[in-house]
Amino acid sequence: MNVDSGSNKGIYSLNSFDIGVAAEVTCDAVLSKVSAFIVDVKPEGILIKPKGMDDFHEKIPSGTELTVRCFIGESVFRFSSVLKSVVFEPTLLALISSPDILHKEERRIKQRITCKLPCVLLIKDNRIKACVQDLTPTGCRCSLYESGMMDKWSAKFLCEEDSAVEVLLPIGGTNKEQSVNGTIKYVASSYDRFDVGIEFHLSVEEEKEMIETILKRGW
């Protein structure tokens, strides 16, 4: 299966879509985006589980053209597909056609600013020391300092996708911290560390000003 990534083209295996990979489905039949995850990859297509949409088969009939985005770490793989059929037992699952071409995109559209900014992540009442590795106005990537104390499954349990997180960033020259609320979008393991991708909410003006200040200083 070909990957179209602008100037660079390569081969990307369909099997790289591991079971449980988050996906997003859009089509003309449904105005809102449908969240899903991949259940299985079969020769006849990809089996996905739509989340929170029991009437999926009523709103999206078989033969409907779909746009699917799969989220793997910091990358997004977008492709065109067709809904082939719906399975109702043991649960509602949708079989979609396999793509011929994947378009690889960045998860965050804004340019990333590389930095080394110590922070603390508040996740499920736990304080975890981390370091912001790159930053944009919409989110950041953090490496967990305490990765050596956690195995892969513990990190996945603690840093679940779509779970709430509060990022505590130091205020320059003081011992105070400024918090930014967000949502965990992915957890990726690399050698002896875990990286966490966070999407900011930035609902408070102070949060927006702080992120803008950090970006201007180029930390």
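Nothing in this text is a laboratory measurement; each read-out follows from the coordinates by a stated rule. Computed from a predicted structure; not experimentally measured. Cβ: placed from backbone, ideal geometry, glycine included. Neighbour counts: every protein chain shown.
Things to note:
- At full extension, Asn175 and Arg112 could sit 20.0 nm farther apart than now, given 0.36 nm per residue minus the alpha carbon distance.
- Region 43-103 shape via C-alpha gyration tensor axes, a/c threshold 1.5: prolate
- Taking each residue as 0.36 nm, the span from Asp100 to Glu58 lengthens on full extension beyond its C-alpha to C-alpha distance by 12.4 nm.
- Residues Glu205 and Gln133, FRET efficiency given R0 of 30 Å [Cβ-Cβ distance, rounded to 0.05]: 0.70
- Backbone amide hydrogens, once placed in the peptide plane, bring Val21 within less than 5 Å of Ile38, excluding anything fewer than 5 places away on its chain.
- Taking each of Lys104/Lys185; Lys42/Lys185; Lys129/Lys176; Lys116/Lys176 in turn, the alpha-carbon distance tops 21 angstrom for Lys42/Lys185.
- Applied to region 120-126, the Karplus parametrisation 6.51 cos²θ - 1.76 cosθ + 1.60 on θ = phi - 60° returns per-residue 3J(HN,Hα) values of 10, 9, 9, 10, 6, 6, 10 Hz, with x for Gly and Pro.
- Thr64 long-range amide H proximity, modeled H, under 5 Å: Leu83
- The slack between Arg193 and Thr67, meaning 0.36 nm per residue of separation minus the straight C-alpha distance, is 42.0 nm.
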